[in-house]
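The values are calculated or read from the model by the stated rules, or taken from the named source; none is laboratory data. Quantities reported herein were computed from a predicted structural model and do not represent experimental measurements. Note that we place each Cβ from the backbone using ideal geometry, even for glycine, and neighbour counts take in every protein chain shown.
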Amino acid sequence: MHKPTPPPFRKRPKSAPAGSGLARVARAADALRQGQPIRLEGRTAFTMLAAETFEGALPRTGATLVLSHARACTLKIRLYTPDVVALPLAAGMTAEVIRAIADPTADLATPLKGPFDPVREKLPVAFAASVKLAKLAGLLPAAILRKAGVKREAVAVAVKEILSYEKDAAASLKPVTRARVPLQGAEHTELVAFRSGDGAPENIAIVIDRPPPPGPALVRLHSECFTGDLLSSLKCDCGAQLRGAIEAISKAGGGVLLYLAQEGRGIGLINKLRAYRLQDQGFDTMEANERLGFEDDERLYAVAARMLELLGYKSVRLLTNNPEKVKGLEAAGIVVAERVPHAFPGNDHNRAYLRTKAEKGGHLL
């Protein structure tokens, strides 16, 4: 029997930000994807370009290439500064040379790089913010910075707005619509769409048989995977985990699957495909992410926690093999009453991937 109409969503707290800072971050990320310069505003203003989309050659001296520690370690660059490293660039250096430093998929074609002499003095906070903004844009985590001149760039964003982006995006999250969508094996299912103030891709809650709040509800956090979920790729176990979670939740009498816009463990689809190229060269999934300049897992849990809160759930039984998901969701304010195992057999294409998750990532497989 279909259950009655659910209670209304919980109201957003009045202290939630209006979203103007989120909008500026979104505009800046879009400009970087188009190869445009932006202005980073802080104690000192900088002009920023993304290393991935920069074209041409540097017109003058004074520019710096900023890389994450993960990419710097791959290039055997000494880490004198926290969070990021800064490499002075010479006038006339071309985009091709800069991208060869930033992009590990070019390492075989351009194996000889350096020697590098990174900046040893304390770096402005804008340097770390620039790498974070490149990540938010779905680009390689590498930025070209120089002190801003008198002429102002068309797009400007404050460093503090970049640094508080995830917190502000989660706080601005709100449900925009819900609809009944019967699924195979889970006919009493509703999809609830959530949107944040930056206009980023929506996150979806798949609510099966509407478990009563406040919980603990059986919950699965599933990061979107275009290749696995849609194309049934054999390189991962994502498609099996998605369909298996829907089946398990339905059989258990109901629960929620959060379908989160965090492709490739948070690095985005393009960078995930780059990681696949590196895996074909012999690197495992975590090594590939780190060579690209990312952490081995860039996923965050504030958005998932906010979705659950807006749905009325304060505690969950989490369907996962990853202890870090339990820690991340609890740190974001949701009580995890139980971890429920969720594993599937491997195949010839993903056995090494699953082994890496278990041995290096601590997954309980």
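Taken across the stretch 143-162, residues that are in contact with a helix residue (DSSP H, G or I) (Cβ under 9 Å, 6 or more places away or on another chain), modelled with pLDDT under 95 and within 18 Å of Leu75 (Cα to Cα) do not occur at all. The single condition among (1) touching a Phe, Trp or Tyr at 6+ places or on another chain (Cβ under 6 Å); (2) closer than 20 Å to Ala148 by Cα that Leu89 does not satisfy is (1).
Sort out which residues of the stretch 195-213 are within 19 Å of the chain's Cα centre (by Cα) and under 22 Å from Arg243 (Cβ atoms), and write them in order of number. Result: Pro201, Glu202, Asn203, Ile204, Ala205. Give the residues of the stretch 234-269 that are without any contact (Cβ under 8 Å) to a residue 24 or more places away in the chain and more than 18 Å from Lys325 (Cα to Cα), sorted by residue number. Result: Gly239, Arg243, Lys251.
Any residue that is at pLDDT 90 or above, within 25 Å of Ser315 (Cα to Cα), charged (D, E, K, R) and in contact with a helix residue (DSSP H, G or I) (Cβ under 8 Å, 6 or more places away or on another chain) - is there at least one of those in the stretch 194-202? No. Of everything listed in (1) touching a strand residue (DSSP E or B) at 6+ places or on another chain (Cβ under 8 Å); (2) of a type in the set (Val, Ile, Thr); (3) surrounded by fewer than 16 Cβ atoms within 10 Å (Cβ to Cβ), the single unmet condition for Ile77 is (3).
Of the residues in the stretch 97-110, none is in contact with a strand residue (DSSP E or B) (Cβ under 8 Å, 6 or more places away or on another chain), of a type outside the set (A, V, I, L, M, F, W, C) and surrounded by fewer than 16 Cβ atoms within 10 Å (Cβ to Cβ).
Among the residues of the stretch 169-188, none qualifies, meaning not one is acidic (Asp, Glu) and either outside the structural domain of Val326 (by TED's automatic domain parsing) or buried (at least 18 other Cβ atoms within 10 Å of the Cβ) (or both). At pLDDT 95 or above, farther than 22 Å from Val340 by Cα, touching a helix residue (DSSP H, G or I) at 6+ places or on another chain (Cβ under 8 Å) and buried (at least 21 other Cβ atoms within 10 Å of the Cβ) - does that describe any residue in the stretch 205-219? Checking the stretch 205-219: not a single residue is at pLDDT 95 or above, farther than 22 Å from Val340 by Cα, touching a helix residue (DSSP H, G or I) at 6+ places or on another chain (Cβ under 8 Å) and buried (at least 21 other Cβ atoms within 10 Å of the Cβ).
Taking helices (runs of 4 or more DSSP H) as the structural unit, those lying wholly within the stretch 246-322 and holding at least 3 residues that are over 20 Å from the mean Cα position of the chain (by Cα) and surrounded by 18 or more Cβ atoms within 10 Å (Cβ to Cβ) correspond to 302-311.
If you check Lys160 against the conditions, is it in the same structural domain as Gln34 (by TED's automatic domain parsing) and loosely packed, with under 12 Cβ neighbours inside 10 Å? The answer is no for Lys160.
Taking the criterion of being small (Gly, Ala, Ser) and within 23 Å of the chain's Cα centre (by Cα), the residues of the stretch 135-191 that qualify are Ala137, Gly138, Ala142, Ala143, Ala156, Ala158, Ser164, Ala169, Ala170, Ala171, Ser172.
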